[in-house]
Amino acid sequence: MRIAFAIALLKTIVSGFHLRQDRNVDPFRFPGRSRADRVGARTAARALFALLGSSDEAAASLASLEDEESRQLLLDLCAFRVLGGRHYRLGRNDPFLWSCVDSVERELLAERAVSRASGYELNLYRIPGRNGVIELECHPMNVLQTFLIEEYRLARSGNVVEVSAGDIVIDGGGCWGDTALYFADRVANGKVFVFELVNENLAVLRRNLERNPKLAQRIEIVEAPLWNSTGTQLSVSVAGPGTRVVPSAAIVPANGVSSVALDDWARDAAIPRIDFIKMDIEGAETAALEGAKETIRATAPKLAISIYHSIDDLVGIPARLAAFRSDYEVFLSHATIHAEETITFARPRAGTA
């Protein structure tokens, strides 16, 4: 399997390489750029060697994926890590994406520059929802990915993984509230627990809940980072949606927070069940999944887990999700034309949960 992955990756790199890829830059993520950055030879070599060094994990993840589209996407994303957008085009670069990009500013923008948070200029948008218009103070990337691309909903070839009416949802990494409101708009009489720890993010999140009082009734904020244990002191590197936490050597770090494991939190809060878990927590997904494994094994929630923060996550997390439960079907999706926003979905096979 290891050799098979290495051969498949090298074939994907060779067959997908082009001297130049036009219109391959996300205008919201990289404003002002007309061409994707060039990946230097050393950077490309490091990425390739890291991928080949993780061939066993990558082969296991390929084998765990349910459909050919997911398997090819994993190879494409690995090739993109080596070649970059200057020389490699992902399948998300299609007419639907560009029509969505146009819609963000042309149809949904209500007011520019209503605030700033962690260096990002935030606009006000009015987005049609299932229960009326959602007013959202956020970056255009949030509108594009959460509401138009719907990155936390998988629907292809008859396979659907999404929040449903009545679901109890964990929104790990709530940031400014776009995903919490997206989920709340779809759960009807369900509930969304949104985990966020940064004060600046929380201020924007709360303003967005105030703008949407009906949906806000379905949302509860938990001010803590998800981790593999409860009470671990974590240092925080604040960067808006890119905020990261890492274990701290200090007993109580100056810029720190205390972690919570989802298993412990669900037990202590007497949550009867969890139906859907989303995590986009900037590289803490593996730790947080470890802290949620008993919940996952016991209740078989649908999962939507970000895996783009490192090569280890990209090639390792799909197989880890499959290992939680033998009845999980695992799929891969990608929401952008660059390296970010790769989501692994998992659901119990019909009739097994």
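The values are calculated or read from the model by the stated rules, or taken from the named source; none is laboratory data. Model, not experiment: these values are computed from the prediction. We place every Cβ from the backbone using ideal geometry, glycine too, and count neighbours over all the protein chains shown.
Can you name every residue in segment 174-197 that is crowded, with 20+ Cβ neighbours inside 10 Å and assigned to a strand (DSSP E or B)? Steps first, please.
As a first pass, look at segment 174-197 and keep what is crowded, with 20+ Cβ neighbours inside 10 Å: 174-187, 192-197.
Passing the criteria: VAL192, PHE193, VAL194, PHE195.
Scanning segment 136-151 for residues that are outside any helix (DSSP H, G or I) and crowded, with 19+ Cβ neighbours inside 10 Å yields LEU136, GLU137, CYS138, HIS139, ILE149, GLU151.
On the basis of being among the small types (Gly, Ala, Ser) and in a loop (DSSP other than H, G, I, E, B), does SER333 make the cut? Walk me through how you get there before you give the answer.
On the way: among the small types (Gly, Ala, Ser): yes; in a loop (DSSP other than H, G, I, E, B): no.
Considered against the rule, which asks whether it is among the small types (Gly, Ala, Ser) and in a loop (DSSP other than H, G, I, E, B), SER333 comes out as no.
Contact map, segment 334-349: residues that are over 27 Å from THR299 (Cβ atoms) paired with residues that are of a type in the set (A, V, I, L, M) and not in a loop (DSSP other than H, G, I, E, B), Cβ distance under 7 Å, separation 6+ or inter-chain. Pairs shown: HIS334/LEU73; HIS334/LEU77; ILE337/LEU97. Among the residues of segment 321-333, some residue qualifies, meaning at least one is among the aliphatic types (A, V, I, L, M) and closer than 22 Å to TYR182 by Cα. The helices (runs of 4 or more DSSP H) falling completely within segment 1-91 that include 1 or more residues that are touching a residue at least 12 places away in the same chain (Cβ under 8 Å), touching a Ser or Thr at 6+ places or on another chain (Cβ under 8 Å) and farther than 30 Å from LEU109 by Cβ map to 2-16, 68-83.
Among the candidates GLU121, GLU107, which residue alone is among the acidic types (Asp, Glu), surrounded by fewer than 18 Cβ atoms within 10 Å (Cβ to Cβ) and assigned to a strand (DSSP E or B)?
Values: GLU107 fails: assigned to a strand (DSSP E or B).
The match here is GLU121.
May I ask you to verify whether SER164 is in a loop (DSSP other than H, G, I, E, B) and of a type in the set (Ser, Thr, Tyr)?
It is true that SER164 is in a loop (DSSP other than H, G, I, E, B) and of a type in the set (Ser, Thr, Tyr).
Kindly establish whether ASP171 is within 19 Å of VAL143 (Cα to Cα), modelled with pLDDT of 95 or more and outside any helix (DSSP H, G or I). So that I can check it myself, show each step before the final result.
On the way: within 19 Å of VAL143 (Cα to Cα): yes; modelled with pLDDT of 95 or more: yes; outside any helix (DSSP H, G or I): yes.
Spelling it out, ASP171 is indeed within 19 Å of VAL143 (Cα to Cα), modelled with pLDDT of 95 or more and outside any helix (DSSP H, G or I).
Taking first residues from segment 111-123 that are among the basic types (Lys, Arg) and partners that are at pLDDT 95 or above, the Cβ contacts under 6 Å between residues at least 6 apart in sequence or on separate chains come to ARG112/ASN123.
Between ILE281, ILE337, ILE317, which is out of contact with any Lys or Arg (no Cβ under 9 Å at 6 or more places or on another chain) and β-branched (Val, Ile, Thr)? Talk me through it step by step, then tell me what you get.
Working: ILE281 fails: out of contact with any Lys or Arg (no Cβ under 9 Å at 6 or more places or on another chain); ILE337 fails: out of contact with any Lys or Arg (no Cβ under 9 Å at 6 or more places or on another chain).
Every option except ILE317 fails the conditions.
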